[in-house]
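Colleague: First the structure, then my questions, so here it is.
The values are calculated or read from the model by the stated rules, or taken from the named source; none is laboratory data. Quick caveat, the model's predicted, so the values are computed rather than measured. FYI the Cβ positions are ideal-geometry reconstructions off the backbone, even for glycines, and counts take in every protein chain you see. Note: areas computed on protein heavy atoms with side chains; ligands, DNA, RNA excluded. Shrake-Rupley method; radii C 1.70, N 1.55, O 1.52, S 1.80 Å.
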Amino acid sequence: CNTCTNDEADGGGGLNMQMSNPYLTRRSDAAAIISRADPVVYDSILLEGATAQQKQDYATNGFLQIDDLFSTDEVKYLLDELHQMRHAYAMQQRPEAIIERESQEVRSIFNVHRLNEVFKNLVSDERVLNIARSLLGSEVYIHQSRINYKPGLHGKEFFWHSDFETWHSEDGMPRMRALSCSILLTDNNEHNGPLLVIPGSHQHYISCQGETPDEHYKKSLKKQEYGVPDGSLLHYLADMGGIHSCTGRAGSVVFFDCNLMHGSNSNITPFSRSNIFFVYNSIDNQLQQPLGGIQPRPEFIAAREDIAPIKPKNLIL
């Protein structure tokens, strides 16, 4: 796979990458496991951000959790804003609001950093932004932002997946130089569907079987059907790294690599699990054409317009 040309990588669909593509996926042949071809932590001249120990932990495990990064008052302020936005967008039937199939409750809202002034400021908060910049070794922009609201009793699971597999195939993200920042706005415990990760899995790219249909995002954001990893390969990764549950108090933050295998269980407790996600992408890793000649996903899911480095701010929320 590592020697395929760009035309071979997308079947002549016009993948405009300036290098051979080591991350083929969504093909008709069998699924495969491929060694990572990119660094995890990039060299950086930035003076602020993750400590040496945090970088080491992130490089080894593929994720980093920092507890109590935001205060109780800040969490309450952000959670109130989340609830207001969730109610407003559900009523308006906005395309950015993804609705649970059965309960008709809001599952996610995308593009919140452009739709909401509070969350627009939050992506610039130096407490999270400088961590992202130092791990990715460059200036960054927001590839995707969203609220994940997993309602009590009705919040459905997110099956195991690598975000990069989707972002590479459906958005044209060239390389593994992005990360997710999950800010916990409610306590995430063992019972309400916390983030589950497979430590070390970020070093292995899982190529998935099945060609992506047009406008796949309309279904995949509710239930993933393509880009689902093979069960035997998941077993292999879990045998090596185990499964870790990212539980924590509200105000904690989890950073995880774009290729880390992760998912979450459904929430059958009466208590919601609400987090906000920012995907920071290197300014040097902007989107190109998706694989296979499919149409790019909408701007509210994958940013291509008005890309500029985010400048850190010392915020008091």
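Colleague: Quick check: pseudo-label points 7 Å beyond the Cα along Cα→Cβ at Ala308 and Thr269, how many nm apart are they?
Modeller: Inter-label distance under the simple model: 4.1 nm.
Colleague: Please give the length that would be gained between Arg249 and His154 if that part of the chain were fully extended, namely 0.36 nm times their separation in residues minus their C-alpha to C-alpha distance (nm, one decimal). Write out the running numbers ahead of the final one.
Modeller: Working: separation 95, 0.36 × 95 = 34.20 nm, distance 2.17 nm.
Between Arg249 and His154, full extension yields an extra 32.0 nm.
Colleague: Taking the Cβ of Asp284 as the centre, find all other residues whose Cβ is under 11 Å away and add up their charges (Lys, Arg: +1; Asp, Glu: -1).
Modeller: Numbers: positive: Arg175, Arg177; negative: Glu139.
Net of charged neighbours comes to +1.
Colleague: Where does the chain land at 222 nm, in deg cm²/dmol rounded to the nearest 500, when only DSSP H runs of n ≥ 4 count, each adding -39500 (n - 2.57), divided by all residues?
Modeller: -6500 deg cm²/dmol
Colleague: Could you tell me the convex hull volume per residue, in Å³, taken over the Cα atoms of the chain? Display every interim value, and only then the final one.
Modeller: Details: hull volume 39.8 nm³, N = 317.
So the per-residue Cα hull volume is 125 Å³.
Colleague: If I model a spin label as a point 7 Å beyond the Cα along the Cα-Cβ vector, how far apart are those points for Glu190 and Ala88 in nm?
Modeller: Distance between label points: 3.9 nm.
Colleague: Over segment 70-170, with every protein chain in place, what whole percent of the accessible area is carbon and sulfur at 1.4 Å, could you tell me? Write out the running numbers ahead of the final one.
Modeller: Details: 1910 of 3890 Å².
Roughly 49 percent, rounded to a whole number.
Colleague: Still on this structure: With r defined as the distance between the Cβ atoms of Asp43 and Glu126 and R0 fixed at 30 Å, what FRET efficiency is calculated, to the nearest 0.05?
Modeller: 0.90
Colleague: Measuring with a 1.4 Å probe in the full set of protein chains, what accessible area per residue, in whole Å², belongs to the chain? Spell out each step's value before the answer.
Modeller: Numbers: 13800 Å² over 317 residues.
Counting only protein heavy atoms, the per-residue value for the chain is 44 Å².
Colleague: Is the C-alpha gyration tensor of segment 81-170 telling us rounded, prolate or oblate? Criteria: a/c under 1.5 is rounded; beyond that, a/b larger than b/c is prolate, otherwise oblate. Numbers along the way, then the final one.
Modeller: Values: a/c = 2.20, a/b = 1.43, b/c = 1.54.
In terms of gyration-tensor shape, oblate.
Colleague: Sorted by mean Cβ packing within 10 Å, highest first, what order do the peptides 162-168, 236-242, 106-112 take? Don't skip to the end; give the middle numbers.
Modeller: On the way: 162-168: 25.4, 236-242: 15.0, 106-112: 23.0.
For the peptides 162-168, 236-242, 106-112, the packing ranking is 162-168, 106-112, 236-242.
Colleague: Which peptide among 176-183, 307-314 comes first, and what is the full order, when sorted by highest mean count of other Cβ atoms within 10 Å? Don't jump to the answer; show the numbers that get you there.
Modeller: Working: 176-183: 24.4, 307-314: 12.2.
Descending mean neighbour count gives 176-183, 307-314.
Colleague: Between Gln295 and Asp73, how high is the FRET efficiency from 1/(1 + (r/R0)^6) when r is the Cβ-Cβ distance and R₀ = 35 Å? Nearest 0.05. Let's see the in-between values first.
Modeller: Details: r = 44 Å, r/R0 = 1.25.
Efficiency computed from Cβ-Cβ geometry: 0.20.
Colleague: In a GNM of the chain with a 10 Å cut-off on Cα contacts, which of Glu305, Glu139, Glu48 has the highest mean-square fluctuation?
Modeller: Glu305
Colleague: Estimate the FRET efficiency between Ala238 and Ala52 by the formula 1/(1 + (r/R0)^6), using the beta-carbon distance for r and 35 Å for R0, to the nearest 0.05. Show your work: numbers first, answer last.
Modeller: Numbers: r = 29 Å, r/R0 = 0.83.
Once the sixth-power term is evaluated, E becomes 0.75.
Colleague: Between segment 260-317 and segment 18-97, how far is it from one alpha carbon centroid to the other, in angstrom?
Modeller: Computed from Cα coordinates, the inter-centre distance equals 7 Å.
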